[in-house]
Amino acid sequence: MKIAYTHYELQAAHSLNAVVKDLKRQGALLRVTFAPDLIGYADCHPWTELGDAPLKEQLERLRHQQLTPLT
């Protein structure tokens, strides 16, 4: 299995809710190659305010083929 990713950032037009103050959200688009003809795509968009591990940790764990509740 091979995982490739690219970072992205979303900019909210206004506050998302009472807990989230930052208008910028970081995420990564993932491409997972299971076999030459079997490829899947996913989004990793953690909400650390709600208990998800930060994006950097999510990607590092994926690099070591370890999953989190989000991935």
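The values are calculated or read from the model by the stated rules, or taken from the named source; none is laboratory data. This structure is a prediction, so every number in the text was calculated from the model and none was measured. Quick reminder, even Gly has a Cβ in these numbers, built from the backbone with ideal geometry, and neighbours come from all protein chains shown. All accessible areas refer to the heavy atoms of the entire protein, side chains included, with ligands and DNA or RNA removed. Shrake-Rupley method; radii C 1.70, N 1.55, O 1.52, S 1.80 Å.
For Thr48, the conditions (1) of a type in the set (S, T, N, Q); (2) in contact with a helix residue (DSSP H, G or I) (Cβ under 9 Å, 6 or more places away or on another chain); (3) open to solvent by 80 Å² or more (accessible area, probe 1.4 Å) are fulfilled apart from (3).
Residue count for segment 21-45, restricted to those that are under 13 Å from Leu10 (Cβ atoms), of a type in the set (Lys, Arg) and surrounded by 12 or more Cβ atoms within 10 Å (Cβ to Cβ): 1.
How about segment 22-41: which of its residues are in contact (Cβ under 8 Å) with a residue 24 or more places away in the chain and either touching a helix residue (DSSP H, G or I) at 6+ places or on another chain (Cβ under 7 Å) or closer than 17 Å to Thr6 by Cα (or both)? Don't jump to the end; show me each part of the working.
The initial filter retains those residues of segment 22-41 that are in contact (Cβ under 8 Å) with a residue 24 or more places away in the chain, namely 26-34.
Correct list: Gln26, Gly27, Ala28, Leu29, Leu30, Arg31, Val32, Thr33.
Contact map, segment 56-71: first residue in contact (Cβ under 8 Å) with a residue 24 or more places away in the chain, second residue of a type outside the set (A, V, I, L, M, F, W, C) and part of a helix (DSSP H, G or I), Cβ cut-off under 8 Å, separation 6 or more or different chains; pairs are Leu70/Gln58; Thr71/Gln58; Thr71/Arg61. Considering (1) surrounded by 13 or more Cβ atoms within 10 Å (Cβ to Cβ); (2) more than 17 Å from Thr71 (Cβ to Cβ), the lone condition that Gln58 does not fulfil carries the number (2).
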